[in-house]
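Trainee: First the structure, then my questions, so here it is.
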Amino acid sequence: MSLNAKFSAATYARRRRQLMRMAGDDAILVLPAAPERVRSRDTHFPYRQDSDLWYLAGFEEPDAVLVLVPGRAHGETLLFCRERDPDREAWDGPRVGPEGAVDALGLDDAYPIDDLDEILPGLLEGRSRVYYHFGRDTDFDLKLIGWLNRVRAQVRLGAQPPHEFLELGHLLDEMRLFKSREELRLMKRAGRISVEAHAAVMRAARPGVHEYELQAELEYVFRRHDAAPAYESIVGAGDNACVLHYRANRAKADAGDLVLVDAGAEFGGYAADITRTFPVDGVFSAEQRALHDVVAQAHAEAAAQARPGVAYGVIHDTAVAVLVEGLLRLGLLKGKAAKLIAEGAYKRFYPHKTGHWIGLDVHDVGDYRIDGESRLLEPGMVFTVEPGLYVPADARGVADKWRGIGIRIEDDFAITRDGHELLTPGLPRSADEIEDFMASR
C-alpha cells in the first residue's frame, strides 16, 4: 500500500536532525522497516511501512534499515535497502535501490541491505548509547544483539561497545505527538475523505442491508480518493454495536436497528477516526434518541474543553460526568453521581476512555501523563473525542427497552493557539441532523 503524499526531502532531513540533536553525538539510532507478513503460502498482507521510519525518511519499501549516527564525519544518515533487481521488479514493482535512495531521500549514504551484517558492527563501535525499539521485532532484536556481541568480543583489542540501551520512543514519540502544519494538512484531507465516506454509508442504509455492504460503501470512497482504511472498519448493526471492536461485518440490519460505523481513511500515512450511530430506517426510537442525546451532549461538552493549558484527563472526566447524569436521569443507574463515578459503576455502560492521540498511527504515540499527572494540552496535539454508551442485549437489571442499544460519536480535534480545530467537520452528529440528512436521501 502506498502511503502517497510525501513531504519534501528537506522536511524529513529536518526531523532527522532534530532527533539526532536530542540523542547526542555519542549515540546511534537504529530503525528497521516493518517486516512483510505472509497471508498464505506465497501471498502477503498489504505492506505498510513502520510509522517511525516513514516519519524520518518517507521510504516505503520493506527489507530496509535506517541508521542515524550523530556527528559521524563520513555521514550521519545511512539507509540499508534492497538493491535493484530487474527480475524481481518485473513481479513486485520498481525499487529505489541504494544508488537512488541518496538523492530521493536526501540521505548521506545508502548501502545494500545484504551489507548490514558487515557494516553495522563498525557503526556501533565507539558509540555510548543505542536507541532502538526493543521488543517490537524479535527477529531483528536477535540480530542487533549479535552485532553488539561482535563489538564486545573485540574489547581486548580496544573496541568500545555501547553500554547504554534506550527506548527510541522516549525521543521520537514526543516529536511525533506535535503535528506540523504539513501534517495537519494531510490529516484534514484524511478527515474530509472519511466524512464523505460516512455520508455515503448513511445514504446507502436501509432495512435489510448487510454490514459488509455498508463497509463496501465506506471503502469505495476511501480508495476513490487514493486513501485506504486506517484500521479495520467497524460496521455494527443492532446488538453488534455494543461490541467495541466488532470485526465480523456480516450481519443484516433489520428495521428499527441502529448502525454504529467506526471507520477512518489513511491518507499520506495519516489517519482519521470517525464514529457515527444512526437508525437504519432513518428514524430513532424514543429510547435510541434518549441515549443518543446523552452521548451527543457528552461529546459536545468534552470537546469544549479542548484548548491549550487544559489537562488531557479533563476531557474524559467531563464526558463521564455528563454520561452518568444522563444514565441517572434515564434510570439506568441509581445513586449519587459522585459515588458512581468514584466507584466506576458507569463502566458497565461506558468501559473505554474518551479519546486517544491520532496521527501516523490511529492510536498514535505520545505520553498521556507526565510525572504521574495528566499532561496539559498544547498546540499541535491531535486526538479524538469519542464518548459512548452500550447496553448489551443480555444486560442484567435493565429494562428491555434499553437492551441492545450501542451508541458512539467520535471526531478528531487539533489543539490550536487559542482553542481547537475540528478536523472532521460537515458530518451530521445530533439525532435531528442525522434524521434530516437521511430523510433527504
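Trainee: For region 335-372, name all the residues that are of a type in the set (D, E, K, R) and closer than 17 Å to Leu291 by Cβ.
Mentor: Across region 335-372, the qualifying residues are Lys347, Arg348.
Trainee: From (1) surrounded by fewer than 24 Cβ atoms within 10 Å (Cβ to Cβ); (2) among the hydroxyl-bearing types (Ser, Thr, Tyr); (3) within 21 Å of the chain's Cα centre (by Cα), pick out the condition that doesn't hold for Ser285.
Mentor: Single failed check for Ser285: (3).
Trainee: Where in region 199-272 are the strands (runs of 3 or more DSSP E), entirely inside, with at least 1 residues that are touching a Ser or Thr at 6+ places or on another chain (Cβ under 6 Å) and surrounded by 23 or more Cβ atoms within 10 Å (Cβ to Cβ)?
Mentor: Hits in region 199-272: 258-263, 265-267.
Trainee: Also: How many residues are touching a helix residue (DSSP H, G or I) at 6+ places or on another chain (Cβ under 6 Å) and closer than 30 Å to Met381 by Cβ when one looks only at region 230-270?
Mentor: 12
Trainee: Here's something else I'd like to know. If you check Tyr12, Tyr47, which single one turns out to be of a type in the set (Ser, Thr, Tyr) and in contact (Cβ under 8 Å) with a residue 60 or more places away in the chain?
Mentor: Testing whether each residue is of a type in the set (Ser, Thr, Tyr) and in contact (Cβ under 8 Å) with a residue 60 or more places away in the chain leaves just Tyr12.
Trainee: Inside region 291-325, can you point out the residues that are free of Cβ contacts under 8 Å to residues at least 40 places away in the same chain and of a type in the set (Gly, Ala, Ser)?
Mentor: Once the filter is applied, which keeps residues that are free of Cβ contacts under 8 Å to residues at least 40 places away in the same chain and of a type in the set (Gly, Ala, Ser), region 291-325 yields Ala300, Ala304, Ala321.
Trainee: Any idea how many residues of region 135-154 are outside any helix (DSSP H, G or I) and under 39 Å from the mean Cα position of the chain (by Cα)?
Mentor: 3
Trainee: Before we move on, is Arg192 more than 16 Å from the chain's Cα centre (by Cα), of a type in the set (Lys, Arg) and closer than 21 Å to Glu386 by Cβ?
Mentor: So Arg192 fits the description; yes.
Trainee: Would you please list the contacts, defined by Cβ atoms under 9 Å and residues six or more apart or on different chains, that run from a residue in region 342-353 that is aliphatic (A, V, I, L, M) to a residue that is surrounded by 11 or more Cβ atoms within 10 Å (Cβ to Cβ) and assigned to a loop (DSSP other than H, G, I, E, B)?
Mentor: Ala345/Leu333; Ala345/Gly335
Trainee: How many residues does region 86-126 contain that are assigned to a loop (DSSP other than H, G, I, E, B) and more than 22 Å from Ala13 (Cα to Cα)?
Mentor: Result for region 86-126: 4.
Trainee: From the list Glu61, Glu36, exactly one residue is over 24 Å from Met175 (Cβ atoms), touching a strand residue (DSSP E or B) at 6+ places or on another chain (Cβ under 9 Å) and assigned by TED's automatic domain parsing to the domain that holds Leu105. Which is it? Spell out the reasoning first.
Mentor: Working: Glu61 fails: over 24 Å from Met175 (Cβ atoms).
Of Glu61, Glu36, the one residue that is over 24 Å from Met175 (Cβ atoms), touching a strand residue (DSSP E or B) at 6+ places or on another chain (Cβ under 9 Å) and assigned by TED's automatic domain parsing to the domain that holds Leu105 is Glu36.
Trainee: Still on this structure, I have one more. Cβ-Cβ distance below 9 Å, separation of 6 or more or different chains: which pairs start in region 414-441 with a residue that is touching a residue at least 60 places away in the same chain (Cβ under 8 Å) and closer than 17 Å to Val283 by Cβ and end on one that is of a type in the set (S, T, N, Q) and in a loop (DSSP other than H, G, I, E, B)?
Mentor: Within 9 Å, no pair qualifies.
Trainee: Every residue in region 155-198 that is within 28 Å of Gly380 (Cα to Cα) and either in a loop (DSSP other than H, G, I, E, B) or aromatic (Phe, Trp, Tyr) (or both), please.
Mentor: Initially, region 155-198 is screened for residues within 28 Å of Gly380 (Cα to Cα), giving 166-198.
Passing the criteria: Leu168, Phe178, Lys179, Ser180.
Trainee: Mind checking which pairs have a first residue in region 239-263 that is on the phi > 0 side of the Ramachandran plot and a second that is of a type in the set (Gly, Ala, Ser) and surrounded by fewer than 17 Cβ atoms within 10 Å (Cβ to Cβ), Cβ under 9 Å, 6 or more apart or different chains?
Mentor: Gly256/Ser285
Trainee: Is it the case, given these coordinates, that Gly331 is assigned by TED's automatic domain parsing to the domain that holds Tyr231 and either crowded, with 17+ Cβ neighbours inside 10 Å or among the acidic types (Asp, Glu) (or both)?
Mentor: no
Trainee: Looking at region 107-124, which of the residues that are crowded, with 19+ Cβ neighbours inside 10 Å and touching a helix residue (DSSP H, G or I) at 6+ places or on another chain (Cβ under 7 Å) is farthest from Met22 (Cα to Cα)?
Mentor: Among those that are crowded, with 19+ Cβ neighbours inside 10 Å and touching a helix residue (DSSP H, G or I) at 6+ places or on another chain (Cβ under 7 Å), it is Tyr111.
The values are calculated or read from the model by the stated rules, or taken from the named source; none is laboratory data. Since the model is a prediction, treat every value here as computed from it, not as a measurement. Ideal geometry is used to build each Cβ from the backbone, glycine not excepted, and the neighbour counts take in all protein chains shown.
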